[in-house]
Amino acid sequence: MNSIKLQLTPRQLNTIAYTFNGLKTIHPKTKEERTARSILLELSLKFQKKNLEVSQKENLFSNKKKAAFTLKYHEAFYLEYYLNLIQNFPLSEYDQNCVNFIKSTLNQKLA
């Protein structure tokens, strides 16, 4: 399958890393849900590592730089799936817009 390229600003990356805290509240019951959670836990680690790396290097001039990710098709699929699940997760309006933007980007690239 094709790989999906995703570029995020530091703020978008921070938002995604924060939303993965909601992953701890999901308790899978079926085999499909356990598979999704397993993939999402790996993605969570990838995004949180990159977020920590970017936040350590961030300064006044690096704000415009985007973090690049190459996701496998199944990772992008389950990331979009997860972002749809967390619609009611308490986020600021800006963060909710970031999530919606990333969802729509993934949806276009997966189609």
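Spin-label pair Glu42-Asn107: with each label point 7 Å from Cα along the Cα-Cβ axis, the two points sit 2.6 nm from one another.
In plain terms, the chain from Glu53 to His27 could stretch by 6.4 nm, reckoned as 0.36 nm per residue minus the Cα-Cα distance.
Among residues other than Leu52 with Cβ under 13 Å from its Cβ, the summed charge is +2 (Lys and Arg +1, Asp and Glu -1).
Based on DSSP H segments of at least four residues, each scored -39500 (n - 2.57), the chain has a per-residue ellipticity at 222 nm of -20500 deg cm²/dmol. Over the chain, the ratio between the Cα radius of gyration and 2.2 N^0.38 Å evaluates to 1.05. When only the Cβ of Lys, Arg, Asp and Glu is charged (+1, +1, -1, -1), the dipole of the stretch 3-111 relative to its Cα centre reaches about 300 debye.
At a 1.4 Å probe radius, carbon and sulfur cover how many percent of the accessible area of the chain? The value for the chain is 53 percent carbon and sulfur by accessible area.
When the chymotrypsin sites (Phe, Trp or Tyr not before Pro) in the stretch 15-111 are filtered for DSSP coil states and for at most 13 other beta-carbon atoms within 10 Å of their beta-carbon, the remaining sites are Phe61. Computed with a 1.4 Å probe over protein heavy atoms only, the accessible surface of the chain comes to 66 Å² per residue. Note that the stretch 19-62 carries a Kirkwood radius of 12.0 Å, evaluated over its alpha carbons pair by pair.
Using the alpha-carbon centroid of each, what span in Å lies between the stretch 92-111 and the stretch 1-63? With the stretch 92-111 and the stretch 1-63 each reduced to a Cα centre, they are spaced 13 Å. Highest average first, the peptides 27-37, 48-58 ordered by how many other beta carbon atoms sit within 10 Å of their residues are 48-58, 27-37.
The values are calculated or read from the model by the stated rules, or taken from the named source; none is laboratory data. What you see is a predicted model, and the numbers here were worked out from it, not measured in a lab. In this analysis, Cβ positions are derived from the backbone assuming ideal geometry, glycine residues included, and neighbour counts consider all displayed protein chains. Quick note on the areas: whole protein, heavy atoms, side chains included, nothing else; ligands and nucleic acids left out. Shrake-Rupley method; radii C 1.70, N 1.55, O 1.52, S 1.80 Å.
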